[in-house]
There are 2 protein chains.
Amino acid sequence: MPWQFDIPEATVQRLSTYLTILRRLEGQGMPTVASSDIAHLANVNAAQVRKDLSYFGDFGRRGLGYRVPELREHLQRILGLSEGRNVIVIGAGNLGSALVGYPGFEPRGFHVVGIFDSDPAKSGSKLYGHEIFPMDRLAELVPRIGAEIAIIAVPGPAAQSVANDLVAVGIACILNLAPVHVNIPAGVACRRVDMTGQLEVLSFCLSSFSSAPEGEQVQ
Amino acid sequence: MPWQFDIPEATVQRLSTYLTILRRLEGQGMPTVASSDIAHLANVNAAQVRKDLSYFGDFGRRGLGYRVPELREHLQRILGLSEGRNVIVIGAGNLGSALVGYPGFEPRGFHVVGIFDSDPAKSGSKLYGHEIFPMDRLAELVPRIGAEIAIIAVPGPAAQSVANDLVAVGIACILNLAPVHVNIPAGVACRRVDMTGQLEVLSFCLSSFSSAPEGEQVQ
């Protein structure tokens, strides 16, 4: 499924990075920031920052830069995060458990509101204070708990069937952590975290380091 | 740390995607493939595929496309994966356990050769058949087990100190799964899997779906 929106995917990914940077600057009490400073912290150039923001309006003031809390709020609104998002995790194995206990979600507005597992033996037990529900209660519970985003943390062979179930109960946004690609229909957004792909990029880096000519600084 | 190599980072990421596609096609017994077919499966255009491959030589034959096993081998070599890579995991909590048991690594040439944890109580116990070692044996064991890539799977507050330890023992490639950024020196490659950032992109998608004008198909 290709990217389905008018704003480029790379821009949206960078907005998430800019938001992280602005939160940090706000926490440090910084009142304003120049696009060149955001650019430096995000490892892009200043023209890219200005272009990315220009899709959504004119936020900066010439010579004064951006007001940090104001731009942070704008970015939160653009990313749909003003009121937080309710997330469910499918799969209560090691990966699901790690996600439910992951401390990076809550401070950035993502609330885990349910965990589902196909193993009936796990139903009713708790994970970090959250009850584990059986998969056959998905249709009943998703609207009740206001689940908006689902994270697939099941083994590869089960991933497509879980994705189908999620789409059937009206989940429109899926983060797939299973080690396989899943097919989803138009009108549903799915992102995959491919950890092996990341290792492959690192393997390329390792080869490039070792093939750099003797005495030449790898920069 | 900005990207330190001549080949664009996005190209290397796409090579990893192309490699996954070629492995699948090879498994299906497909002898040749056109750049337009690879492009379709990778959600890019055919010119992009040809440009990405052109950094490394001239692999295709006009009108005939690419020989699947040959191009798969080329990509494996370019990504430094011809002989596999030895990986260590730092952190034997839920996330570390999920990684050590992750079935996506081994078929793509990544061998987990060690797990380290700072908790002395975990030392000596086993995870999926692998012994857990104490962190203070890192310097002794990394060269002995031939570790090339390290995955950081520790809580945020411990991540920078672990990264420093890894760099100190000569690890040049790090995959950071902790929910924080870590600083590393030039000559070391570090990639971060930011799961919250992925959820932020999905939150944008969700907002865009719900703001699409009534009756207009979101494509």
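The values are calculated or read from the model by the stated rules, or taken from the named source; none is laboratory data. Here the structure is a predicted model, which is why all the values come from computation and not from measurement. Here the Cβ is made from the backbone with ideal geometry for all residues, glycine too, and neighbour counts use every protein chain on show.
A few remarks follow.
- Of the residues making up the range B:33-63, those that are more than 25 Å from the chain's Cα centre (by Cα) and either among the basic types (Lys, Arg) or closer than 14 Å to B:Ala10 by Cβ (or both) are B:Arg61, B:Arg62.
- Conditions (1) at pLDDT 95 or above; (2) more than 8 Å from every other protein chain (Cβ to nearest Cβ); (3) under 22 Å from B:Gly96 (Cβ atoms): number failed by A:Tyr128: (1)
- Residue that is farthest from A:Ile151 (Cα to Cα), among those in the range A:52-79 that are in a loop (DSSP other than H, G, I, E, B) and either among the basic types (Lys, Arg) or modelled with pLDDT of 95 or more (or both): A:Arg62
- Condition check for A:Ile7: β-branched (Val, Ile, Thr) and surrounded by fewer than 17 Cβ atoms within 10 Å (Cβ to Cβ): yes
- Verdict on A:Ala92 being assigned to a loop (DSSP other than H, G, I, E, B), of a type in the set (Gly, Ala, Ser) and more than 9 Å from every other protein chain (Cβ to nearest Cβ): yes
- Per this entry, B:Arg137 is counted among residues that are modelled with pLDDT of 95 or more, exposed (fewer than 15 other Cβ atoms within 10 Å of the Cβ) and on the phi < 0 side of the Ramachandran plot.
- Selection status of B:Leu53, in contact with a Phe, Trp or Tyr (Cβ under 6 Å, 6 or more places away or on another chain) and surrounded by 20 or more Cβ atoms within 10 Å (Cβ to Cβ): yes
Rundown of residues vs (1) among the hydroxyl-bearing types (Ser, Thr, Tyr); (2) closer than 22 Å to A:Ser208 by Cβ, yes/no style:
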position	(1), (2)
B:Pro2	no, yes
B:Ile7	no, yes
B:Ser16	yes, yes
B:Gly27	no, no
B:Ala34	no, no
B:Ala39	no, no
B:Gln48	no, yes
B:Leu53	no, yes
B:Phe56	no, yes
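- Counting the residues of the range B:160-184 that are within 18 Å of A:Leu41 (Cβ to Cβ) and either at pLDDT 95 or above or over 21 Å from the mean Cα position of the chain (by Cα) (or both) gives 2.
- Which numbered condition B:Phe116 fails, given (1) within 11 Å of another protein chain (Cβ to nearest Cβ); (2) buried (at least 17 other Cβ atoms within 10 Å of the Cβ): (1)
- When the residues of the range A:204-217 are filtered to those that are facing chain B (nearest Cβ under 7 Å) and out of contact with any helix residue (DSSP H, G or I) (no Cβ under 6 Å at 6 or more places or on another chain), the one that is modelled with the lowest pLDDT is A:Phe209.
- Scanning the range A:11-29 for residues that are loosely packed, with under 15 Cβ neighbours inside 10 Å and either more than 18 Å from B:Glu200 (Cβ to Cβ) or touching a residue at least 24 places away in the same chain (Cβ under 8 Å) (or both) gives A:Gln28, A:Gly29.
- Filter pass, B:Pro8 being free of Cβ contacts under 8 Å to residues at least 12 places away in the same chain and within 11 Å of chain A (Cβ to nearest Cβ): no
- Complete set of residues in the range A:140-159 that are modelled with pLDDT under 95 and farther than 24 Å from A:Gly101 by Cβ: A:Pro157
- Residue match in the range B:31-45 (condition: more than 9 Å from chain A (Cβ to nearest Cβ), in contact with a Ser or Thr (Cβ under 8 Å, 6 or more places away or on another chain) and surrounded by 15 or more Cβ atoms within 10 Å (Cβ to Cβ)): yes
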